[in-house]
Every structure is written in C-alpha cells, then in structure tokens.
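Since the structure comes first, as structure tokens, the remarks are kept for the end.
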Amino acid sequence: MSKLDVVIMAAGKGTRMKSSMPKVLHRVGGKALLQHVMDTAKRLQARNVWVVTGHGADEVEALWQGQTGFHAVRQMPQLGTGHAVQQAMPHLQDDGTTLVLSGDVPLIQSETLQTLLAMSDQQHLALLCLQTPHPTGYGRLVRNAQQQVVAIVEEKDATPEQRQITEIYSGIMAAPTKRLRDWLSRLDNRNAQGEFYLTDVVRFAVQDGAQVMTHTIDQAWQVEGVNTPVQLAQMERAYQQLQATQLMLEGVRLVDPARLDVRGELTCGTDVEIDVNCVFEGRVHLADGVRIGPHCVIANARIGAGTEVLGFTHIDGETQEVTIGEGARIGPFARLRPGAVLGDEVHIGNFVEVKNSQLAKAAKANHLAYVGDARVGERVNYGAGVITANYDGANKNLTTIEADVHVGSNSVLVAPVTLGAGGTIGAGSVVTKDTAAGALTVARGKQTQVANWQRPTKKSK
C-alpha cells in the first residue's frame, strides 16, 4: 500500500468570487475545481485524501459522497494555511509522506507531483516553485549565497528587495509526515495577517538542518489558483487548450483549437474531424472517421465509424446514453434525446427529434418529425411532419414500426400501435389501430368541396 497521504486545502470562502457558492465548487471543464484536484490525488494512488473544509462545508463534502479514500476535516475558524493543515495532522500516519495541495488549483499535473514526491523521498521537505516575471501576490523563495532555500516570505511581510524575487512558492509541498507534524506544532501568527502560515515550516526545516528541495517549473497554468470570475474564465481557456492540444497529438483534426469545449471525457478514433464551437459533455466516444459539424452539443454519446453529425445538432444522453451506428447521417438541427439508439446508415434530418427510440439499419426521418418511445425497423421511411403520439396524459406508450414501412407526411401514430412490415401509411393519416403487413392504410376525413363559397369579410366600422 502507498504511504502517501494527501491534504487538500478547501476551506476558504472565496469572497472575490462574489458568489454564494463555495469557491472550490465553481467549475472548469464542467467539473468542480476541487474535483480536478481530487482526481489528480487519486491518480497518485494516495493512501488517504483529507480535504480540509470550512465555508460551505456541507456542500463541499457532498462532492465525494460514495467515493472511497476521501475524508473531510473541518477548519473552524479559518486561521491560515498552516492552521488548515494542522487540522488534518491527527489523522495522518507518521510512516509516510504528506502532500499538501490547494483545492482551487485545478490544473496541477500528476507528473509534476510525482517528480516532487521523488525529490522528497520520504526524507526531505520538497517545494513546488514557479519562475515567473509576475510574482505579485505570492510568497517569495529566499535563497542564501549557496542557492539553498532558507525561507519563504509572504508578500505582505517581504522587504522591497525580497519583492523583486521572481521565484515563488506555489502553495504545494511534500514532506515526511513525522517531521511535518513537528514543524506545524511550532507555528505562530506573529505576522502581517495574524495567520498561521504553512510557509513557516521552511524556516523550521532549515533550523533543524533538514534539506529543502525545490522543483521549479515555468508553466504558470499548473499552479495558478482561482479567486475571481475573471481568473475562472482564464482557467477555463487554459484547460480547454490542454484538451485540444492532447486531442490533436492523438490525431484529431480540429478546425480551430480555440473554439472547442470539452466538459467531460472525449475519446476519438483515427481521422476524426471536429468543426468550430462544439461542446462535448459527460463521456463521448467518436469512432474512426467521424465528422462533427459546427455548433454541435454532444453529451454522453457513442458515435460509430464514418458517421457525420451536421451543424447545430444537439445530442443529449444525460440520463441514458445515446448511441449511433456506423455510416449514419445526423442533422443539421437534429435533436437526439436520452435513450436514442440509431443503427448503421440511419438518417436523421433537420428538425427531427428522437427520444427513447430504436431505429434499425437504414431507417430515415429526414425532416420535421418526432419519434418518441418507438421501435423502428430497417429501411423505414418516416415522412415529414410525422409524429408518434406517445403520451396519453398519464402514461408513455410504445409505437412499433416494422421493416420497410413508408409513413406518409403529416401523419400521427397514436400509441400503442404496430405498423406491419412493408405497409404504407397515406399522408395525413391518424393511425389508432394496428395495420397489416403490406397494406395501404389511409385514416383521414373525407375531402369535401363547396362550390362558389364566399369567404367572410370584415365588417366596416
């Protein structure tokens, strides 16, 4: 078992967000800031993860209900970063290493943390640092003439000379748990903010002759936190750029990487093309040769090889995954709702809505139709303006359309009803009873004509 324990600081209110929501629950890429950090901790195979909560604790702690390995410890009141980590110490074992992370720093990479942990090696204090031309707001790393770290000075306590230092502490550290426990016990709040600084452990480590290791990076996005709506939006763009770059490295062709939003998990086969302003939510898989047109929103779906999704199509598998077979053509302006299962070579055209329905191979509904709670056979042609009347005001009912049926335009199929294989439904029919295989069914009022009929006219005032 890993001897790594992780402490995530997530107690802050986030006043500058100007929101009633706890800061760490604001979202980047469709996922809470804190969830990003928790996922990274999970990839490190930590023994336990202790999340220090405070403001909005009940809401924050609900985030990992049902997940194993995550625990809450509350910081009440919030007296600084050192005080936050102190709250977790009674729960940590002295035989391992403690990694301290921030719940509002979502883009820290597990590879970076693994390097930091290797430097700590269960013996040393290891600090993740950043070399930046814009150090304002961060604690400065103070080194001696031998370039050894001697202290971290918070900006409010720094001298003018120290504020010129461009190497900053990120807020992330790894340390042997037993030694960290001792250093934390020696903290005081005699500083400009009257808080217990976690950074003061560096001074105690130096006093004790412990080696202070540093892993200095130049990728600011890895260690930047979120404190304002502006920073949240900037973090969203940074995250999306990472997703786009990774997709392109895997062979996906993006028309414009700056106009892509992945708010979940998107996996792709070879020769996948994605046009501009597409949003992917939940889990989406695009098989080989899939083409996605512009302005599409796709959530929780699997799309088969060679299928084309035309522009402005909305595929929503939020509660029940949508699946599409190979060689299908969807859109433009189509909507696939939860439970839609489309076979190979199915055509769904403009302004067609499909909900909780199965369409077999080569079935077509090319325009202006609603298919709800239906089982549609192979090669069915579903005419313009056709609807399944699946709801009687109390219950949803099933429509079954067997293979090779042609449903004429502007017909209404009143469920429950079965249309027999190879049959034809005359345009404008209202079908309330099962139809026989191969039969023509016409169910509409008799056309009448009144000769020389005079249209009413407006009465003069």
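Only residues that are surrounded by fewer than 19 Cβ atoms within 10 Å (Cβ to Cβ) and in a helix (DSSP H, G or I): list them for the range 204-231, please.
Listed by number, the residues that qualify are Phe204, Val206, Gln207, Ala220, Trp221, Pro229, Val230, Gln231.
Answer yes if at least one residue in the range 289-307 is part of a strand (DSSP E or B), farther than 20 Å from Val341 by Cβ and either touching a residue at least 24 places away in the same chain (Cβ under 8 Å) or in contact with a helix residue (DSSP H, G or I) (Cβ under 7 Å, 6 or more places away or on another chain) (or both), and no otherwise.
No.
Sort through Asp39, Asp94 and tell me the only one that's exposed (fewer than 15 other Cβ atoms within 10 Å of the Cβ) and either of a type in the set (Phe, Trp, Tyr) or outside any loop (DSSP other than H, G, I, E, B) (or both).
Values: Asp94 fails: either of a type in the set (Phe, Trp, Tyr) or outside any loop (DSSP other than H, G, I, E, B) (or both).
After ruling out the rest, the residue left standing is Asp39.
Restricting attention to the range 234-257, report how many residues are within 15 Å of Ile292 (Cβ to Cβ) and in contact (Cβ under 8 Å) with a residue 60 or more places away in the chain.
1
Hey, could you check the range 240-272 for residues that are of a type in the set (D, E, K, R) and closer than 20 Å to Leu336 by Cα and say which is surrounded by the fewest Cβ atoms within 10 Å (Cβ to Cβ)?
Here the residue is Glu265.
Filter the range 258-285 down to the residues that are over 12 Å from the mean Cα position of the chain (by Cα) and either touching a residue at least 60 places away in the same chain (Cβ under 8 Å) or closer than 17 Å to Gln320 by Cα (or both) and list them by number. Steps first, answer last, please.
Start the filter on the range 258-285 by keeping residues that are over 12 Å from the mean Cα position of the chain (by Cα), which leaves 258-260, 267-278, 285.
Across the range 258-285, the qualifying residue is only His285.
Under the condition of being of a type in the set (D, E, K, R) and closer than 26 Å to Asp404 by Cα, which residue from the range 430-461 is farthest from the chain's Cα centre (by Cα)?
Here the residue is Arg444.
Quick check: is even one residue across the range 19-26 more than 28 Å from Leu180 (Cα to Cα) and in contact with a Leu (Cβ under 8 Å, 6 or more places away or on another chain)?
Yes.
Given the criteria modelled with pLDDT of 95 or more and surrounded by fewer than 21 Cβ atoms within 10 Å (Cβ to Cβ), does Met9 qualify?
Judged against the criteria, Met9 is not a match.
The values are calculated or read from the model by the stated rules, or taken from the named source; none is laboratory data. Everything numeric here is computed off the predicted structure, so don't read it as measured data. A quick note on method: Cβ atoms are made from the backbone with ideal geometry, for glycine too, and the neighbour counts reach across all protein chains shown.
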